[in-house]
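The values are calculated or read from the model by the stated rules, or taken from the named source; none is laboratory data. Computed from a predicted structure; not experimentally measured. Please note: Cβ atoms are built from the backbone with ideal geometry, for glycine as well, and neighbour counts cover all protein chains shown.
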Amino acid sequence: MTAAATGAATVRPAAVTDRGALEAVIRSDATFRDDEVAVALELVDGGLAGSSDYLLRVAELDGAVVGYLCYGPTPMTARTFDLYWIVVAAAARGRGVAGTLVRAMEAELRDGGGGNVRIETSETDGYGAARRLYEKLGYPLAGTFPDFYGPGDALLVYYRTI
């Protein structure tokens with residue numbers, strides 16, 4: 001994928017030199033618990049090293065990395081992909097960066113023949129903006145698993161064919 005402007009932000013494949021900026025985006029506020037940060041960084045490191053099927057796309061505004069998306073093929077499926085993480089730096093939120101990242105992923109999938117996208121998230125307040133984004137972009141809620149992450153914290157699954 002070549003760097004392409006798809007809105008206010010520019011989206012491009014992540015490079016090894018983006019590692020520090022990606023960690024800074026993840027840690028830009030208290031959205032993620034320490035265990036979530038560790039998992040996010042594990043996926044970032046795997047994607048950057050090429051040692052996994054994780055695909056990383058970064059969003060830049062004015063030449064600075066302000067967000068990223070991590071997705072990849074779902075094992076043992078023909079054309080289904082998981083959107084694992086989408087993170088936008090706190091200072092860049094509200095500028096359309098997350099939507100730009102998702103639309104870039106969708107365009108890449110369409111260019112590759114299409115497929116299904118599955119997104120899992122939490123029902124807690126901290127993930128409310130993510131849920132609103134998925135719904136705004138046309139991802140219907142396909143399933144709810146009560147108390148999945150813990151008491152009162154359901155797993156919500158959004159699913160859409162591209």
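Structure data summary
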read-out: Failed criterion for GLY67 (all others in (1) touching a residue at least 24 places away in the same chain (Cβ under 8 Å); (2) out of contact with any strand residue (DSSP E or B) (no Cβ under 7 Å at 6 or more places or on another chain); (3) of a type in the set (Gly, Ala, Ser) hold); value: (2)
read-out: From THR2, THR80, residue being surrounded by fewer than 16 Cβ atoms within 10 Å (Cβ to Cβ), β-branched (Val, Ile, Thr) and at pLDDT below 95; value: THR2
read-out: Selection from the stretch 116-145 of residues that are buried (at least 17 other Cβ atoms within 10 Å of the Cβ) and either closer than 20 Å to LEU61 by Cα or touching a residue at least 40 places away in the same chain (Cβ under 8 Å) (or both); value: VAL117, ARG118, ILE119, ALA130, LEU133
read-out: Given (1) touching a Leu at 6+ places or on another chain (Cβ under 9 Å); (2) exposed (fewer than 14 other Cβ atoms within 10 Å of the Cβ); (3) closer than 24 Å to LEU61 by Cβ, number of the condition GLU108 does not satisfy; value: (2)
read-out: Residue pairs meeting the criteria (Cβ under 8 Å; at least 6 apart or on separate chains; first touching a residue at least 40 places away in the same chain (Cβ under 8 Å), in the stretch 148-162; second in a strand (DSSP E or B) and of a type in the set (Gly, Ala, Ser)); value: TYR158/ALA142; TYR159/ALA142; TYR159/GLY143
read-out: Selected residue [at negative phi and in a loop (DSSP other than H, G, I, E, B)] from ARG103, ARG57, ARG110, ARG95; value: ARG95
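Yes/no matrix, rows are residues, columns are (1) in contact with a Cys (Cβ under 8 Å, 6 or more places away or on another chain); (2) modelled with pLDDT under 95; (3) in a helix (DSSP H, G or I):
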| site | (1), (2), (3) |
| --- | --- |
| ALA8 | no, yes, no |
| ASP18 | no, no, yes |
| ALA21 | no, no, yes |
| VAL25 | no, no, yes |
| GLU36 | no, yes, yes |
